[in-house]
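What follows is a set of notes on a single structure, which appears directly below.
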Amino acid sequence: MADFLSFSHISKTYPGVKALSDVSFGVGKGSVHGLIGENGAGKSTLIRILSGDTAADSGEISIDGSAQHFSSTRDAFAAGVVVVHQELQLVPELTVAENLRLGRFPNRAGIIDFRALKAEVNRRLKDIGLTVDADTKVSKLSLGERQMIEIAKAIMLDARVIALDEPTSSLSSQESEVLFRIIGELRAAGKVIIYISHRLDEIFRLCDGCTVLRDGKLAAHHPSMADVTRDSLVAEMVGREISDIWGWRGRTAGEVRLKVEGITGSKLPHPIGFEARAGEIVGFFGLVGSGRSELMRLVYGADPRHSGRVIIDGGESAGSNPRRSIREGLVLCSEDRKFDGIVQGLSVGENIVISARRHFSPFGVLSLKREADTAAEFIKQLRIRTPSAKQDIVNLSGGNQQKVLLARWLAESGVKVLIVDEPTRGIDVGAKAEIYELLYELAEKGLAIVVVSSELPEVMGISDRIVVMCEGRIAARYERADFNEHAILASALPDRTAGEPNKKAS
Amino acid sequence: MAFLKRLLLGEQGLLVIFVIAFAAVSIFVPSFLTERNMLGLFQSVVTIGIVACTMMFCLASRDFDLSVGSIVAFTGMVAVMASNASGSIVVGLIAALACGTFVGFVNGTIIAKLKINALITTLATMQIVRGLALISSDGRAVGINDPGFYQLALSRFLGIPTPIWIMLILFCVFGFVLNRSVFGRNTLAIGGNPEASRLAGVNVDGMRIWIFTIQGLVCAVAGILLASRITSGQPNAATGLELSAISACVLGGVSLAGGRAAMTGVIVGVLILGIAENAMNLLNIQAFYQYLVRGLILLLAVLLDNVRSTGLGRK
Amino acid sequence: MAFLKRLLLGEQGLLVIFVIAFAAVSIFVPSFLTERNMLGLFQSVVTIGIVACTMMFCLASRDFDLSVGSIVAFTGMVAVMASNASGSIVVGLIAALACGTFVGFVNGTIIAKLKINALITTLATMQIVRGLALISSDGRAVGINDPGFYQLALSRFLGIPTPIWIMLILFCVFGFVLNRSVFGRNTLAIGGNPEASRLAGVNVDGMRIWIFTIQGLVCAVAGILLASRITSGQPNAATGLELSAISACVLGGVSLAGGRAAMTGVIVGVLILGIAENAMNLLNIQAFYQYLVRGLILLLAVLLDNVRSTGLGRK
Amino acid sequence: ADIKIGFVVKQPEEPWFQDEWKFADIAAKEKGFTLVKIGAEDGEKVQSAIDNLGAQGAQGFIICTPDVKLGPGIVAKAEANGLKLMTVDDRLVNADGSPIEAVPHMGISALKIGEAVGAAIADEIKKRGWDMASVGAIRVSYDQLPTAVDRVEGAISSLKAAGFPEANIFDAPQAKTDTEAALNAATVVLNKHADVKHWVAFGLNDEAVLGAVRASETVGITPDNFIGVGIGGADSAINEFKKPAATGFFGTVIISPKRHGYETALNMYEWVANDKAPPALTLTAGELALRDTYVEVRKNLGIE
Ligand SMILES: Nc1ncnc2c1ncn2[C@@H]1O[C@H](COP(=O)(O)OP(=O)(O)OP(=O)(O)O)[C@@H](O)[C@H]1O
Ligand SMILES: Nc1ncnc2c1ncn2[C@@H]1O[C@H](COP(=O)(O)OP(=O)(O)OP(=O)(O)O)[C@@H](O)[C@H]1O
Ligand SMILES: O[C@@H]1[C@@H](O)[C@@H](O)CO[C@H]1O
Ligand SMILES: [Mg+2]
Ligand SMILES: [Mg+2]
């Protein structure tokens, strides 16, 4: 069978970076094709070229045998190509319905037919299994919900080719299941689906074939998954074998370093308390919207607290605002890197030292050398793929941006408690293992570490203890010895009798 | 109590606060709430009200237009001079509308296609267009030969002068366009997230050109009405209009960061400015103190709206 | 050729273009490049140059300050009146600096703590402060009793008048602060992403208050020098300064969306405005045509810079 | 009934108008009527000011219009509101440029003031024994304001009449009407003609000429080589005369805000209260005040 979608000799260079060089492969109709590779390998760039958003320097894309020349995303839509980008592309002030049909409003003579719009959107949302109302403003939705809206946006178009760039990175497993079901339906309907993910189990479960990129070059192309193994894929991606990605090792927990007592806030009305000890990694698991991120933001002082105390090392209450928290040794690596993580317009180096520099800036005067050294050290340690520390952070691939955010807190001295919300969101397997290793080392140095993650295997793989949240309360706690996938999942589900997977907290 | 709170903090809270303030002014300022004064008040806000309609779109799409005052003056001149030269008012009006539209189109094209910052672009055209108005008239007002031109402003329908009607119609039209049309929603989308809009296939460049072009056209309407009201084309007219129109919009809750706008809000903003001016003159407040009062009212109005929306739990 | 391209498109490309333009003006405009004219040129940009230093910080942190012109006028008045009243120039200067700082602090506090839009806040204080300047002087210019006050502007060091020195020093100081201090980097961070900066431990509210406060202080310096140059405090001075200062910054590549700024750029921006004015007068260009030319130069300058940076592959 | 009279001026921030208002207030206090003072910077503001006066039940108003061509509109608006109308300072004109005779006016033609300035400068040049051909003249101009054009044209015409060569008159366009703008513009002119020793300067008002004087000081021209003559005689000029040493600000043509403010208000009152129409046209004279005569001149004009 001839390839329905084919890339031939695609190359793309950014200043200082060869993002893609001479990439060629093809995908057949009615199939799901995986696209994998390390952070910065060029996956998103390839997809952006496919979407008409960026032009390739050379090379050609053809669909159904005819060469395509997209000069804008609209051209791509017209040719039946839709892309769900890695970073969310929603308009927060518009409603769900408006976002879903943005650029393609049902209208008569320019006047929007809101009734038709709502009806259609509500129907589609129901198909997808999302219980948000079409009239809700997107700014009111949680990150996970937004991600689902983004996916719904693509599905609603009658496309021939659909590309999904890390769609599950902020979805819970329940939501991922819904997505997988939809992908199955699309495949059955004869679409071509390009699927980018760092979660290899998803690749094996969903894909009919896959392509591996490495340093912008085609490292391997597998038309079928028949004789592909996990280890072989990892080797093709990273160039080396990674046997045990979790690599958990036992530690003995010390004194209580973080103690949270009866904390409440506007979105978490029920008092919550927990603690984390020196040398301990505490995992927080829950469904999207269960309130984990909210809780961590309250602990950190990012949002105003209504009540409760946060005690570090038995001292008095800490963390009334982020600045004070940092000074008291409590730091949070937040989950939404685009909104409240990276500082756009500043360089990679600046983003790394933004907090730590106060330790080596006497009288507020910068020490450029110390800054450069610090940045270089962490770029090396975390293998951040960037042409230089002076590169604008927005030009980094998603995963590399995430690494910069981690580096920001690793560079801080005097950290006692490290909270990381979705630490490996968008991070490749190789780097994941490195980050886990880093967390272990930090724990061994005596830090208390709190990890929020929606990936159950990850939480189970690296935590010493797991706290499960559900509807804004702590639903259960497990010691490592008692970890059990089914039990943990069950306690995360809000209403065990209703059987509705994603009921929103009221 | 709970009802009151709901009323004040609700979507229409700004309106409610405004109504209360209006009632207070009516009671405490003598001869404020008379038919004559109300008509005078409305007429005094015609220019800014009309321009604010499209300025709202401009701001909502995260742009800026500083050239409105110059366009109003220039098109007023053109209307008068073309009428005088051709002997036909209709020709004059068409010429003015065409000039306004053209300037707006140029603004939009430079901003969208050459990707030059809107503030600088319109600051430049503001000067260029004002220069043109001055050059064409040698810096002096140009009188209107045909008294029929005055009728534009003097004629009444149901006892209300035409300019007020035109302003009201534009309020309705642009309110409708903002909320109910593809154009309006796309405008908000561009302002709210330009990147997402572009990726969703919204013709961002085209939209920006249209927004500025319509702004130019609407300024021409305001310029014509103004020339008719003051029975001459004045090259110095409407200086500072840009800041007033932007204030009216911001007072009315239009976000300078783009993506948020409402016609009712802008109308309230326009009226707040107009009423402040009107009441101060009725109260015979000294010119220098008027500065103080104007400043304080601005602050107070945004502050109130702020208290309201934080009380509502929004950001 | 390749070298030329690298030069023009490099980091310092704006500067290179400027140097070329400067050379061209020197050659084609008679008596431009004379010592006298250069000193005159520099003196004419002192007020806007000084104010642009801190306006740069303001814009880089994604804020706006429209009140600068009023503060300059007001502090000039205060300096003169307090000197006259106390008989001591030092007291006058301190009073002026204190008043400027205070107004800036109020601006910053309202904006940061009450979370009121900077445009509206400073539009309000712009009016209030202008009102104060007018009220305190009854709208009249106030003469300086002690001729020693003129010396501030007339005295020279190495043949160059003090105001120019002060401007140059402030350029250096603020250039250093922007690039080499935590304060400067945090300013850019706030502009780039305020929420991310806050979570990274930057005291965003505090920074904003400081930025506006320093802006107030620096406006007072400009106000004092201006009063000394014109040997009186004039309540009408420096109207429209806000737009000139903002233009200079934007010309110099400061992004209104925050996060991007460079002192060299701003200096070039200030000089472009000054040279344009100066050369037009030397060339005896008619007043009305000056509007046109000024507008075109603005457009051209940004356009060139734009071509340059897209040529560079940046967006 | 209560008598209410409006006094609308085009630039309330200008000291001149503050003075006019002040003297009008004195008339109001004397006769016991209410004076409503409104500033109206452009045609639109004028329209609403008149509406506003009508709405609050005034019977008549005095206006200094931002532009004389607004005449027909002002007349119509006044009629529509049933208000008696008088003009001060600047006289309204029809579309064809002819004065609207029906509206009583008190003022001094801008051209005439300018001519007084020019004559004063020419006299002083002669007195100092300079050679006209080698004197430079700075025309501090603000051409977007019609009055300003008329004034400097007036000055130029009397200079030329006295034999001043037109080629020696250099334009210094102000970007705004404040002293700093005039200072910057004049500096350029002085630097461009660095070889000229003797200078004279005139402009829209005192502030404009003061700018030129400051410019002369910065480039090192001494007062005995500079003759600046302003218009207005408000505090900025008086401050200059009060300085311990003479400056290049030679004199100013003072026009009397007292007559313009007090008399117009009184006339309007008589018209409203006793139906005594004011004279159709009253022209006042400007008077030249110098460093050592200004106290007297001001006293004569009834200021102070
Ligand atoms: N606009 C840009 N300017 C400069 N460099 C860029 C730009 N966009 C991407 N790059 C670079 O191109 C390379 C490929 O990036 P891309 O985003 O395609 O990686 P990716 O495979 O999607 O990685 P990830 O898994 O982290 O999302 C990276 O090195 C990135 O820094
Ligand atoms: N911007 C918002 N406005 C209103 N409600 C929100 C907003 N963001 C989140 N919520 C709601 O707050 C609750 C807690 O969300 P939170 O993001 O803390 O959950 P989470 O467990 O971290 O899940 P996620 O995986 O989505 O991060 C949810 O009910 C969510 O719908
Ligand atoms: O504008 C002028 C004003 O400055 C004053 O001098 C009186 O006459 C007016 O025309
Ligand atoms: Mg990517
Ligand atoms: Mg979360």
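The values are calculated or read from the model by the stated rules, or taken from the named source; none is laboratory data. Note that this is a predicted model, so its numbers are computed, not measured. Methodologically, a virtual Cβ is constructed for each residue, glycine included, from the backbone with ideal geometry; neighbour enumeration extends over all protein chains shown. Areas reflect the complete protein model, heavy atoms only, side chains present, ligands, DNA and RNA absent. Shrake-Rupley method; radii C 1.70, N 1.55, O 1.52, S 1.80 Å.
Could you tell me whether the stretch C:220-236 includes any residue that is within 30 Å of C:Ser137 (Cα to Cα) and within 14 Å of chain B (Cβ to nearest Cβ)? Quick ask: steps written out before the conclusion?
Within the stretch C:220-236, the subset within 30 Å of C:Ser137 (Cα to Cα) is C:220-236.
Okay, now just the ones that are also within 14 Å of chain B (Cβ to nearest Cβ), so C:235-236.
The answer is yes; a qualifying residue exists.
Taking the residues in the stretch A:134-149 that are within 12 Å of ligand 5 (Cβ to nearest atom) and open to solvent by 30 Å² or more (accessible area, probe 1.4 Å) as candidates, determine which candidate is farthest from the other protein chains (Cβ to nearest Cβ).
Within the stretch A:134-149, the subset within 12 Å of ligand 5 (Cβ to nearest atom) is A:142-147.
Of the ones still in play, those that are also open to solvent by 30 Å² or more (accessible area, probe 1.4 Å) are A:142, A:146.
Values: A:Ser142: 16, A:Arg146: 11 Å.
Of everything passing the filter in the stretch A:134-149, A:Ser142 is farthest from the other protein chains (Cβ to nearest Cβ).
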(request) Being without any contact (Cβ under 8 Å) to a residue 60 or more places away in the chain and open to solvent by less than 70 Å² (accessible area, probe 1.4 Å) is the filter here, so list the residues in the stretch A:230-249 that pass it. (result) A:Ser232, A:Ala235, A:Glu236, A:Gly239
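Does the stretch A:230-241 include one or more residues that are of a type outside the set (Ser, Thr, Tyr), away from ligand 3 (no atom under 16 Å from the Cβ) and within 14 Å of another protein chain (Cβ to nearest Cβ)? Don't jump to the end; show me each part of the working.
The initial filter retains those residues of the stretch A:230-241 that are of a type outside the set (Ser, Thr, Tyr), namely A:230-231, A:233-241.
After this cut, where a residue has to be away from ligand 3 (no atom under 16 Å from the Cβ) as well, the list is A:230-231, A:233-241.
Subset that is within 14 Å of another protein chain (Cβ to nearest Cβ): none.
No; the residues of the stretch A:230-241 include none that is of a type outside the set (Ser, Thr, Tyr), away from ligand 3 (no atom under 16 Å from the Cβ) and within 14 Å of another protein chain (Cβ to nearest Cβ).
Pick from C:Ile230, C:Ile246: which is farther than 18 Å from C:Val173 by Cβ, modelled with pLDDT under 90 and not polar (S, T, N, Q)?
Working: C:Ile246 fails: modelled with pLDDT under 90.
One residue alone meets the criteria, C:Ile230.
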(message) Which numbered condition in (1) at pLDDT 90 or above; (2) more than 8 Å from chain B (Cβ to nearest Cβ) is the only one that D:Asp19 fails?
(response) (1)
(request) Residues being of a type in the set (Val, Ile, Thr) and at pLDDT below 90: count how many of those fall in the stretch A:470-506. (result) 1
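Of all residues in the stretch D:103-140, how many are more than 14 Å from ligand 3 (Cβ to nearest atom) and either within 14 Å of another protein chain (Cβ to nearest Cβ) or part of a strand (DSSP E or B) (or both)?
Number of matching residues: 5.
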(message) Testing C:Val182 on (1) open to solvent by 20 Å² or more (accessible area, probe 1.4 Å); (2) among the aliphatic types (A, V, I, L, M); (3) in contact (Cβ under 8 Å) with a residue 12 or more places away in the chain, one condition comes back false. Which one is that?
(response) (3)
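With the condition kept exactly as written, say whether any residue in the stretch B:262-284 is in a loop (DSSP other than H, G, I, E, B) and more than 20 Å from the chain's Cα centre (by Cα).
Within the stretch B:262-284, the subset in a loop (DSSP other than H, G, I, E, B) is B:262, B:283-284.
Next cut, more than 20 Å from the chain's Cα centre (by Cα) only: B:283-284.
Within the stretch B:262-284 (the criterion being in a loop (DSSP other than H, G, I, E, B) and more than 20 Å from the chain's Cα centre (by Cα)), the answer is yes, since at least one residue qualifies.
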(message) Testing B:Ile211 on (1) more than 7 Å from every other protein chain (Cβ to nearest Cβ); (2) not in a helix (DSSP H, G or I), one condition comes back false. Which one is that?
(response) (2)
(request) Name the single residue, out of those in the stretch D:189-205 being under 19 Å from C:Leu283 (Cα atoms) and out of contact with any Asp or Glu (no Cβ under 8 Å at 6 or more places or on another chain), that is farthest from the other protein chains (Cβ to nearest Cβ). (result) D:Val196
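Could you tell me whether the stretch D:219-227 includes any residue that is among the charged types (D, E, K, R) and more than 9 Å from every other protein chain (Cβ to nearest Cβ)?
Just the residues of the stretch D:219-227 that are among the charged types (D, E, K, R), to begin with: D:224.
Checking the rest, the ones that are also more than 9 Å from every other protein chain (Cβ to nearest Cβ) come to D:224.
Yes, the conditions are met somewhere in the stretch D:219-227.
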(message) I'm told C:Gly100 meets every condition in (1) open to solvent by 40 Å² or more (accessible area, probe 1.4 Å); (2) more than 9 Å from chain B (Cβ to nearest Cβ) except one. Can you identify the failing condition by its number?
(response) (1)
(message) I'm told A:Glu294 meets every condition in (1) assigned to a loop (DSSP other than H, G, I, E, B); (2) open to solvent by 10 Å² or more (accessible area, probe 1.4 Å); (3) in contact (Cβ under 8 Å) with a residue 60 or more places away in the chain except one. Can you identify the failing condition by its number?
(response) (1)
(message) Would you confirm, using the coordinates I've provided, whether B:Phe171 is away from chain D (no Cβ under 14 Å) and open to solvent by less than 10 Å² (accessible area, probe 1.4 Å)?
(response) no
(request) Scan (1) more than 16 Å from ligand 5 (Cβ to nearest atom); (2) of a type outside the set (A, V, I, L, M, F, W, C); (3) out of contact with any Phe, Trp or Tyr (no Cβ under 7 Å at 6 or more places or on another chain) for the single condition A:Asp336 breaks and write down its number. (result) (1)
(message) Looking at (1) more than 10 Å from every other protein chain (Cβ to nearest Cβ); (2) farther than 23 Å from A:Arg146 by Cβ, which one does A:Asp75 not meet, given that it meets all the others?
(response) (1)
(message) Here are the criteria: (1) in contact (Cβ under 8 Å) with a residue 12 or more places away in the chain; (2) touching a Gly at 6+ places or on another chain (Cβ under 9 Å). Tell me which single one D:Ala28 does not satisfy.
(response) (2)
(request) With the condition kept exactly as written, say whether any residue in the stretch A:98-107 is among the polar types (S, T, N, Q), open to solvent by 10 Å² or more (accessible area, probe 1.4 Å), within 14 Å of another protein chain (Cβ to nearest Cβ) and touching an Asp or Glu at 6+ places or on another chain (Cβ under 7 Å). (result) yes
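Within the stretch A:193-212, is there a residue that is closer than 29 Å to A:Pro106 by Cβ, open to solvent by less than 10 Å² (accessible area, probe 1.4 Å) and away from ligand 4 (no atom under 16 Å from the Cβ)?
Step one: filter the stretch A:193-212 for residues closer than 29 Å to A:Pro106 by Cβ, giving A:193-194.
So of that shortlist, the ones also open to solvent by less than 10 Å² (accessible area, probe 1.4 Å) come out as A:193-194.
Filter again for away from ligand 4 (no atom under 16 Å from the Cβ), leaving A:193.
Taking every residue of the stretch A:193-212 in turn, at least one turns out to be closer than 29 Å to A:Pro106 by Cβ, open to solvent by less than 10 Å² (accessible area, probe 1.4 Å) and away from ligand 4 (no atom under 16 Å from the Cβ).
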(request) For the stretch A:367-417, enumerate the residues that are more than 21 Å from A:Val238 (Cα to Cα), open to solvent by 60 Å² or more (accessible area, probe 1.4 Å) and more than 10 Å from ligand 1 (Cβ to nearest atom). (result) A:Leu368, A:Lys369, A:Arg370, A:Asp373, A:Glu377, A:Lys390, A:Ser413, A:Lys416
(request) Could you figure out which of (1) over 25 Å from D:Leu210 (Cβ atoms); (2) within 14 Å of chain B (Cβ to nearest Cβ); (3) assigned to a helix (DSSP H, G or I); (4) open to solvent by 10 Å² or more (accessible area, probe 1.4 Å) isn't true of C:Leu217? (result) (2)
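Given the criterion more than 14 Å from chain B (Cβ to nearest Cβ) and either in contact with a Pro (Cβ under 9 Å, 6 or more places away or on another chain) or in a strand (DSSP E or B) (or both), identify the matching residue among A:Ala19, A:Ala41, A:Ala56. Working first, answer last.
Numbers: A:Ala41 fails: either in contact with a Pro (Cβ under 9 Å, 6 or more places away or on another chain) or in a strand (DSSP E or B) (or both); A:Ala56 fails: either in contact with a Pro (Cβ under 9 Å, 6 or more places away or on another chain) or in a strand (DSSP E or B) (or both).
Answer to the selection: A:Ala19.
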(request) Please work out which residue is nearest to B:Trp210 (Cα to Cα), limiting yourself to the stretch B:109-152 and to residues that are more than 7 Å from every other protein chain (Cβ to nearest Cβ) and part of a loop (DSSP other than H, G, I, E, B). (result) B:Asp138
(request) Check whether at least one residue in the stretch A:324-340 is among the aromatic types (Phe, Trp, Tyr), within 11 Å of chain C (Cβ to nearest Cβ) and either open to solvent by 10 Å² or more (accessible area, probe 1.4 Å) or more than 22 Å from the chain's Cα centre (by Cα) (or both), and report yes or no. (result) yes
(message) Is it the case, given these coordinates, that B:Gly258 is touching a Cys at 6+ places or on another chain (Cβ under 7 Å), within 14 Å of chain C (Cβ to nearest Cβ) and either at pLDDT below 90 or assigned to a helix (DSSP H, G or I) (or both)?
(response) no
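Between D:Ala28, D:Ala58, D:Ala49, D:Ala78, which is away from ligand 5 (no atom under 16 Å from the Cβ), in contact with a Leu (Cβ under 8 Å, 6 or more places away or on another chain) and either within 26 Å of D:Ile254 (Cβ to Cβ) or facing another protein chain (nearest Cβ under 8 Å) (or both)? Show your work before the answer.
Working: D:Ala58 fails: either within 26 Å of D:Ile254 (Cβ to Cβ) or facing another protein chain (nearest Cβ under 8 Å) (or both); D:Ala49 fails: in contact with a Leu (Cβ under 8 Å, 6 or more places away or on another chain); D:Ala78 fails: either within 26 Å of D:Ile254 (Cβ to Cβ) or facing another protein chain (nearest Cβ under 8 Å) (or both).
Answer to the check: D:Ala28.
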